[in-house]
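The values are calculated or read from the model by the stated rules, or taken from the named source; none is laboratory data. These figures come from a predicted structure and were not determined experimentally. No Cβ is skipped: glycine too gets one built from the backbone with ideal geometry, and neighbour counts run over all protein chains shown.
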Amino acid sequence: MVPSCLSGMREMPATKQKILPIRVYGDPVLRQKTEPVKNIDGRLISLAEQMIESLASARGLGLAAPQVGHLLALCIINLPALDSKHTEPLILINPKLQASDGKVVYQEGCLSFPGMYADVARPQNVTVTGLDRDGNPLELEASDFLARVFLHEMDHLSGVLFIDHLSPIKRQLLKKQLKELSATSGDKAK
Ligand code: CO
């Protein structure tokens with residue numbers, strides 16, 4: 001209707017992706033299970049690339065599709081921030097935990113729980129399989145903090161959140177903060 005206005009618009013640079021809003025605790029989408037990705041098509045890669053930008057903008061270590069409102073088994077791991085030998089974030093599709101051992105307790109947070117941190121016990125070493133952005137099978141071994149990030153993101157794909165790993169007493173201590181978070185997300189979650 002008003003093409004003269006549109007003609008004045010400058011095109012966004014090709015690399016500039018849309019930043020997706022990250023869902024906060026209390027949003028029911030964070031509690032839903034995801035579906036496996038069936039087709040790695042342009043739409044999926046576009047979503048993954050938007051997730052990479054959103055993760056970078058939030059300065060996070062990992063981001064799972066439900067956190068941006070998509071119930072797909074897709075997550076992004078910020079490998080360069082975790083291990084200097086990597087230069088690119090990892091797009092991990094349909095990940096599966098194949099093996100784990102050891103146990104480490106370490107402080108953990110989540111982009112869906114801004115400002116909240118808690119000590120969480122997780123396996124020290126993991127083997128994870130999945131698909132990369134080209135649909136090629138991946139087998140990844142990780143230890144310590146990187147293992148933790150894999151486990152945390154894979155949990156998101158099953159609707160599991162890091163607070164679920166806390167003892168009832170520890171969770172009780174965070175009750176007020178959790179209530180405040182779920183109030184900001186506009187949901188009635190406990
Ligand atoms: Co998280």
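Computed values, structure above
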{"quantity": "Tabulated pairs, the stretch 30-52, first in a helix (DSSP H, G or I), second at pLDDT below 95, C-beta under 7 angstrom, 6+ apart or interchain", "calculated": "49/17; 50/17; 50/18"}
{"quantity": "Single unsatisfied condition, residue 59 versus (1) over 20 Å from residue 154 (Cβ atoms); (2) away from the ligand (no atom under 14 Å from the Cβ); (3) charged (D, E, K, R)", "calculated": "(2)"}
{"quantity": "Selection from the stretch 62-77 of residues that are away from the ligand (no atom under 13 Å from the Cβ) and under 10 Å from residue 112 (Cβ atoms)", "calculated": "none"}
{"quantity": "Residue in the stretch 38-58 that is at positive phi and more than 10 Å from the chain's Cα centre (by Cα) present", "calculated": "no"}
{"quantity": "Filtered residue count, the stretch 142-162, keeping only those that are surrounded by fewer than 21 Cβ atoms within 10 Å (Cβ to Cβ), within 11 Å of the ligand (Cβ to nearest atom) and not aliphatic (A, V, I, L, M)", "calculated": "1"}
{"quantity": "1 or more residues charged (D, E, K, R) and at pLDDT 95 or above: qualifying strands (runs of 3 or more DSSP E) within the stretch 109-157", "calculated": "118-122, 137-143"}
